[in-house]
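Below is one structure, written out as structure tokens; the observations come after it.
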Amino acid sequence: MIITKSIPFSKDEMKPLKEQFDIYIKTVIDIEKNICSAGCDLHADSEKVLLEQGSAQEDLWGGGINLETKEIDYNSFINIRPNQNNTTIEIQDFAIKEKFEQLMKEYFKEMYE
């Protein structure tokens, strides 16, 4: 189940988000509009949702969160963008990575409390 929103996820909302991978939730975040789409099977699925809602491709970055360890990762095939100097699946630009992490911690703050 994909849920896309601009406010943090509640604990109840996180339950269906983890259906796909049990302890892991894939996410795509529009780092300019501060919108998170989570719970996708493929990052491209959430990317499509955000693009249809008017997000710009260059603002969308993918990763995920491990619900047991609370570790955030910055890996997704949608991140491979040579035209934005991102040549691997991991977010390489420090400022983008930092913004992505900040937003992930905000959207999943229920896990950290």
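Every read-out reported here was derived from the displayed coordinates using simple, explicitly stated rules and does not represent laboratory data. Owing to the predicted nature of the structure, the values given are computational and were not obtained by experimental measurement. For neighbour counting, all protein chains shown are included, and Cβ atoms are generated from backbone atoms with ideal geometry for every residue, glycine included.
Residues that are more than 20 Å from E106 (Cα to Cα) and among the polar types (S, T, N, Q): does the stretch 29-42 have at least one?
Let us first name the residues in the stretch 29-42 that are more than 20 Å from E106 (Cα to Cα), namely 41-42.
Still in the list and also among the polar types (S, T, N, Q): none.
No, the stretch 29-42 contains no residue that is more than 20 Å from E106 (Cα to Cα) and among the polar types (S, T, N, Q).
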Here the residues within the stretch 90-113 that are within 16 Å of K33 (Cα to Cα) and of a type in the set (F, W, Y) are F100, Y107
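Return the residue satisfying two criteria in turn: it lies in the stretch 75-95 and is assigned to a loop (DSSP other than H, G, I, E, B) and aliphatic (A, V, I, L, M), and of such residues it is surrounded by the fewest Cβ atoms within 10 Å (Cβ to Cβ).
I80
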